[in-house]
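Working notes, structure below.
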Amino acid sequence: MRKAGWSLWSLGVAAFAYLAWLAFVGTFEFDECVLGIACALVAAAASLLTWRAMGLKAHGTVADYLSGWRVPWYILSDSWAILRVLALDLLGKRNAGSLFRVCPFEIRHSPRGTLRRVLAIVYSTAAPNSIVIGIDPEQGLMIFHQLAPSDIPKTARDLGACA
């Protein structure tokens, strides 16, 4: 990853970690906010050190990183979908599903291709209805699990899914 990529990656990890911290503590008290910032910085540093220690070569464009702007909406809409599945299951109307799905994924054997696969997994798995099990680079397939059937998110398609 280039220097700008490392900075952008670390900033993204720190921002995500801080937002997750706030969501889990559920308060904006000064002490919690300061501790959340410290934990977010530690998470970003750990992510960066791990990535470098593994020797992974990945970099992308700003558009690749920003393709995750839809993720908050996916989290909300998938949460409602999961609650609907739960309600129908509890009421005995329909058993909860367990779907394993596969879609083609554009495989690029380059640092940008590596990052696009990582971002597709992270962004898709952030929503509660889709858990990406993996991307098979040899067959060019993304394998994921869902409770409620839904379309492949536009974010994943922007990064190479259903290519």
Report summary line: Counting only residues in the range 74-115 that are among the basic types (Lys, Arg) and modelled with pLDDT of 90 or more, the one surrounded by the fewest Cβ atoms within 10 Å (Cβ to Cβ) is identified as Lys93
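Can you say whether Pro153 is in contact with a His (Cβ under 8 Å, 6 or more places away or on another chain) and over 19 Å from Ala96 (Cβ atoms), as far as the supplied structure shows? Break it down into steps so the answer makes sense when it comes.
Numbers: in contact with a His (Cβ under 8 Å, 6 or more places away or on another chain): no; over 19 Å from Ala96 (Cβ atoms): yes.
When the stated conditions are applied, Pro153 does not pass them.
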Report summary line: Log entry, pairs with first residue in the range 46-63 being over 26 Å from Asp158 (Cα atoms) and small (Gly, Ala, Ser), second being modelled with pLDDT of 75 or more and surrounded by 12 or more Cβ atoms within 10 Å (Cβ to Cβ), beta carbons closer than 9 Å, six or more apart or on different chains, reads Ala46/Val13
Query raised in the report: Just for the range 11-47: of the residues that are part of a helix (DSSP H, G or I) and among the hydroxyl-bearing types (Ser, Thr, Tyr), which one is most open to solvent (accessible area, probe 1.4 Å)?
Result: Tyr18
Report summary line: The one condition Leu91 fails out of (1) without any contact (Cβ under 8 Å) to a residue 24 or more places away in the chain; (2) under 18 Å from Ile152 (Cα atoms) is (2)
Query raised in the report: Restricted to the range 48-73, and to residues that are out of contact with any Ser or Thr (no Cβ under 7 Å at 6 or more places or on another chain) and under 19 Å from Ala148 (Cα atoms), which residue is least open to solvent (accessible area, probe 1.4 Å)?
Result: Pro72
Query raised in the report: Out of all the residues in the range 63-122, which are part of a helix (DSSP H, G or I) and of a type in the set (S, T, N, Q)?
Result: Ser67, Ser77, Ser79, Thr114
Query - The lone exception for Ala126 - which of (1) out of contact with any His (no Cβ under 6 Å at 6 or more places or on another chain); (2) under 22 Å from Lys57 (Cβ atoms) it fails - result: (2)
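The values are calculated or read from the model by the stated rules, or taken from the named source; none is laboratory data. This structure is a prediction, so every number in the text was calculated from the model and none was measured. Because the Cβ atoms are built from the backbone with ideal geometry, glycine has one as well, and the counts that use them run over all protein chains shown. We work out accessible area using only protein heavy atoms, side chains counted, and drop any ligands, DNA or RNA first. Shrake-Rupley method; radii C 1.70, N 1.55, O 1.52, S 1.80 Å.
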